[in-house]
């Protein structure tokens with residue numbers, strides 16, 4: 001399957017700062033990438049759909065001005081958590097679809113801790 | 001996408017087959033059944049998917065009932081490394097122009113023991 005990487009794998013930041021998370025597809029060009037977050041002991045929740053060269057589509061309840069998504073190339077999408085607060089502490093995971101089956105492959109995730 | 005129902009947790013002895021059931025009674029005729037698993041603190045890993053026919057790959061087998069209202073994921077010889085949360089997901093067919101997003105339920109926590 002496709003290989004997806006994320007950077008950083010974990011980050012700790014102070015409240016009020018912004019954090020950028022990168023998601024790269026290493027062996028496939030993805031026109032669409034997805035961003036999820038997962039709180040402890042909960043399932044993954046889709047945050048937004050990232051389309052290369054256009055604006056992201058956000059799920060209901062996700063603030064687009066707080067979670068900025070940029071998908072400037074077919075191999076890179078970034079999620080920026082602006083003015084992070086402790087309640088934004090979570091596990092952020094990206095995924096991309098591949099080929100005709102459109103099977104999604106996930107990155108290893110980024111654990112964000114906001115102090 | 002159709003909703004799925006899975007048992008909250010299951011145990012399996014190492015070396016035995018692990019059979020994980022999933023109910024998806026409201027599945028539409030063109031929706032696929034996908035299985036992913038998530039090992040602690042990692043991103044989900046794709047396992048297998050199918051439409052009508054049973055499927056097998058190097059990781060697992062997928063058995064879909066004739067009426068497609070339920071399916072079973074089979075890990076033929078479970079190992080300790082198979083301990084994870086297993087998600088059964090029903091989604092729209094690929095390349096339909098609709099969003100290919102996945103809706104995760106709570107999954108089944110499989111514990112493989114010695």
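Counts of other chain beta carbons within 10 angstrom of each beta carbon in peptide B:101-112 average 3. Between region A:1-55 and region B:37-109, what is the separation of their alpha carbon centroids in Å? One Cα centre to the other: 21 Å. Counting pairs of alpha carbon atoms under 8 Å apart in space and at least six apart in sequence, what relative contact order in percent does region A:1-54 give? Relative contact order for region A:1-54 comes out at 30 percent.
Exposure proxy ranking for A:10, B:35, based on other Cβ atoms within 10 angstrom of each Cβ and starting from the fewest, stands as A:10, B:35. Per residue, the average separation of C-alpha pairs within less than 8 Å and at least 6 apart gives chain B a relative contact order of 36 percent.
When only alpha carbons of region A:73-115 are considered, Rg and Dmax amount to 13.4, 43 Å. Its residue count N sets the reference 2.2 N^0.38 Å, and the alpha-carbon radius of gyration of region B:1-68 equals 1.18 times that reference.
Mean partner shielding of peptide B:42-54, defined as the number of other chain Cβ atoms within 10 Å of each residue Cβ, is 4. Consider all pairwise Cα distances in the protein assembly as shown and report the whole-number % of them above 21 Å. Here the long-distance tail beyond 21 Å is 56 percent of all Cα pairs in the protein assembly as shown. Considering only A:46, A:79, A:26, the mean-square fluctuation computed in a Gaussian network model of chain A, springs between alpha carbons under 10 angstrom, is largest for A:26. For the peptides A:105-112, A:13-20, the ranking by mean Cβ contacts within 10 Å, running from highest to lowest, is A:105-112, A:13-20.
Just how many % of Cα pairs in chain A lie over 19 Å apart, if you round to the nearest whole percent? When all Cα pairs of chain A are counted, 40 percent exceed 19 Å. Averaged over residues, the count of other Cβ atoms within 10 Å places the peptides A:69-75, A:53-59 in the sequence A:69-75, A:53-59, highest first.
So for chain B, what percent of the C-alpha to C-alpha distances run longer than 19 Å? Above the 19 Å cut-off, chain B has 41 percent of its Cα pairs.
Since every read-out is calculated from the coordinates, none of them should be taken as a lab result. Remember, it's a predicted structure, so these values are computed and weren't measured experimentally. All Cβ positions, even for glycine, are placed from backbone atoms using ideal geometry, and neighbour counts span all protein chains on display.
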